[in-house]
Amino acid sequence: MPISELKKQALAVFSGAKNLAELDSAYHLYLGRKGKLTLLLRSLRELPETSRREKGKEANDLHDFLEQQFSKRKQELQKEEFTQSEKAERIDVTAPGKRIALGRLHPLTRVQRAAIRIFGSMGFGVAEGPHIEAEWYNFDALNIPANHPARDMWDTFWLKDSKNSRLLLRTHTSPVQIRYMESHQPPFRIIAPGRVFRYEATDAKHSFDLHQLEGLMVGRDVSVAHFKAVIQKFYELFFAKSMTIRLRPSYFPFVEPGFEVDMSCVICGGTGKKAKNTPCSSCGHTGWLEMMGAGMVHPNVFKAAGYNPREWQGFAFGMGVERLAMMKFGVPDIRLFFEGDLQFIRQF
Ligand code: DAH
């Protein structure tokens with residue numbers, strides 16, 4: 001092949017190389033150890049002296065020229081590749097950040113923790129008990145004997161009979177009172193938050209799976225006055241509002257006297273009315289919300305736990321955690337707490 005043809009070809013191939021890898025093979029094709037020009041240069045040795053000079057110069061010039069062209073093209077391609085990767089890897093520092101999806105505490109957990117903190121500030125410790133409970137702790141020891149009509153107050157999920165005692169899903173947190181007293185000596189004050197289960201139909205106000213917070217304070221002269229002060233303070237701190245509470249006589253087998261505690265309605269402020277004199281639906285226009293059951297611990301309960309009822313007295317109470325959360329956050333339906341709907345949970 002004439003040198004001029006080789007030159008034309010090589011230049012075309014060099015400039016046609018679309019990237020450094022292609023350019024590299026082009027280099028090998030012409031200038032490598034077995035490249036076309038290299039072979040040509042080597043073959044010059046066999047030419048006669050006269051034409052060797054002339055051809056040799058021509059070929060050497062072409063060699064230098066192609067080397068030059070090669071480095072020129074190489075620089076071009078390097079620059080191109082750099083700008084390309086610069087473009088591809090460009091970081092837009094003004095782009096908005098990626099939002100990290102943070103987990104959150106369930107509103108019931110928040111309420112429970114707030115209650116633990118507030119009661120803790122008044123000297124109450126935290127006690128716990130099992131969800132699967134023996135009939136004895138859930139009923140008998142709480143002065144609710146078998147076949148007594150008072151048992152019907154709690155619709156119960158019974159488990160298959162076991163050998164020694166019948167088992168159930170605890171219907172309230174009150175059995176924790178007995179468990180705690182069995183292993184501790186008064187004076188003490190504790191709360192016991194936790195899950196409870198009721199065999200009943202579900203609607204906006206009822207769930208078969210809910211949470212309660214039990215309280216128990218025992219000492220030599222613990223009175224209803226102590227109870228009233230503690231509970232009023234609790235509601236004030238929890239709702240961050242001044243609060244009125246009232247006790248209404250009521251019946252629970254494990255207390256005597258027993259009462260229900262009402263709190264001034266957090267929605268209407270206890271007036272029973274909302275703006276423009278419309279009736280407040282949250283409290284049924286009464287200005288009061290029923291918040292919990294409570295009372296002075298029944299002597300039979302102390303006996304069942306191994307205490308001398310002549311020596312000790314105390315108050316106990318049990319409130320619904322969902323109800324607290326519904327009042328605090330304005331949640332209209334108890335079922336929302338158990339649906340696991342992130343749109344709901346993320347509001348808290
Ligand atoms: N255990 C009761 C319930 O589930 C609530 C209750 C009432 C708890 C009175 C108490 C109490 O400790 O003294 O309905």
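Taken together, the values in this text are just the output of simple stated rules run on the coordinates, not laboratory data. Please read these numbers as outputs of a predicted model, since none were measured by experiment. When we count neighbours, we look across all protein chains shown, and the Cβ atoms used for this are built from the backbone with ideal geometry, even at glycine.
State the antiparallel share, in %, of DSSP beta bridges confined to the chain, rounding to the nearest 5.
Working: 42 of 44 bridges.
Percentage antiparallel, nearest 5: 95.
Out of residues 5 or more away from Gly295 or on other chains, whose amide H comes under 5 Å of its own, with H placed 1.01 Å from N in the peptide plane?
Excluding prolines and chain starts, which carry no amide H, the hits are Phe259, Ala316.
Order the peptides 260-268, 120-128 from the highest to the lowest mean number of other Cβ atoms within 10 Å of their residues.
The most tightly packed comes first, giving 260-268, 120-128.
Express the relative contact order of the chain as a whole percentage, based on alpha carbon pairs under 8 Å and six or more residues apart in sequence.
Working: 525 pairs, mean separation 51.0, N = 348.
For the chain, the relative contact order is 15 percent.
Given the Cα atoms of segment 45-178, and with Rh set as the inverse mean 1/r over their pairs in the Kirkwood sense, what is Rg to Rh to two decimals?
Numbers: Rg = 44.4 Å, Rh = 24.6 Å.
With Rh from the inverse mean 1/r over Cα pairs, Rg/Rh is 1.80.
For segment 307-316, take each phi angle, set θ = phi - 60°, evaluate the Karplus expression 6.51 cos²θ - 1.76 cosθ + 1.60, and give the result in whole Hz per residue in order, putting x for glycine and proline.
So the Karplus estimates, Gly and Pro as x, are 9, 8, x, 7, 8, 10, 8, x, 10, 9 Hz.
Mind checking Rg over Rh on the chain, alpha carbons, Kirkwood formula for Rh? Could the numbers behind the result be given before it?
Working: Rg = 43.2 Å, Rh = 27.0 Å.
Reported Rg/Rh (Cα atoms, Kirkwood Rh): 1.60.
Could you calculate the contour length gain from Glu89 to His106, that is, 0.36 nm times the residue separation minus the distance between their Cα atoms, to one decimal place in nm? Write down the numbers at each step before the final one.
Details: separation 17, 0.36 × 17 = 6.12 nm, distance 4.07 nm.
Contour length minus Cα-Cα distance gives 2.1 nm.
Among the aspartates and glutamates, which have Cα under 16 Å from the Cα of Lys8 when same-chain residues fewer than 8 positions away are ignored?
Candidates past the 8-residue exclusion: Glu58, Asp61, Asp64, Glu67.
Normalise the Debye intensity by I(0) for segment 177-256, one equal point scatterer per Cα, no solvent, then take log10 at q = 0.27 Å⁻¹ and round to two decimals.
Evaluating at q = 0.27 Å⁻¹ gives log10 I(q)/I(0) of -1.29.
Can you compute the modelled spin-label distance between Lys273 and Phe157, with each label point 7 Å from Cα toward Cβ, in nm?
Simple spin-label model gives 4.6 nm for this pair.
Going toward the positive end of the dipole of the chain, with +1 on Lys and Arg Cβ and -1 on Asp and Glu Cβ, which of His131, Asn277, Phe302 do you reach last?
Asn277
Quick query: amide H of Phe252 versus all other amide H atoms, modeled in the peptide plane; which residues come in under 5 Å with a sequence gap of 5 or more or a different chain?
Gly258
Please list, short to long, the whole-number percent of alpha-carbon pairs of segment 3-88 in consecutive 10 angstrom bins beginning at zero.
Reading the bins upward from 0: 17, 44, 24, 11, 4, 1.
Which entries in Lys34/Lys72; Lys228/Lys303; Lys228/Lys328; Lys57/Lys79; Lys233/Lys273 show an alpha-carbon gap greater than 28 Å?
Numbers: Lys34/Lys72 22 Å; Lys228/Lys303 25 Å; Lys228/Lys328 21 Å; Lys57/Lys79 33 Å; Lys233/Lys273 25 Å.
Long pairs (Cα-Cα over 28 Å): Lys57/Lys79.
Could you pull out the trypsin sites (Lys or Arg not before Pro) across segment 1-105 that fall in loop regions by DSSP (anything but H, G, I, E, B) with no more than 11 other Cβ atoms inside 10 Å? Intermediate results must be reported in sequence, preceding the final value.
Details: sites: Lys7, Lys8, Lys18, Arg33, Lys34, Lys36, Arg42, Arg45, Arg52, Arg53, Lys55, Lys57, Lys72, Arg73, Lys74, Lys79, Lys87, Arg90, Lys98, Arg99, Arg104; in loops: Lys18, Arg33, Lys34, Arg90, Lys98, Arg99, Arg104.
Of the trypsin sites (Lys or Arg not before Pro), the ones in loops of segment 1-105 whose Cβ has at most 11 other Cβ atoms within 10 Å are Lys18, Arg33, Lys34, Arg90, Lys98, Arg99.
How large is the Rg to Rh ratio of segment 80-140 when both quantities use alpha carbon positions and Rh follows Kirkwood? Don't skip to the answer; put the middle values down first.
Working: Rg = 27.4 Å, Rh = 18.0 Å.
We get a ratio of 1.52 for segment 80-140.
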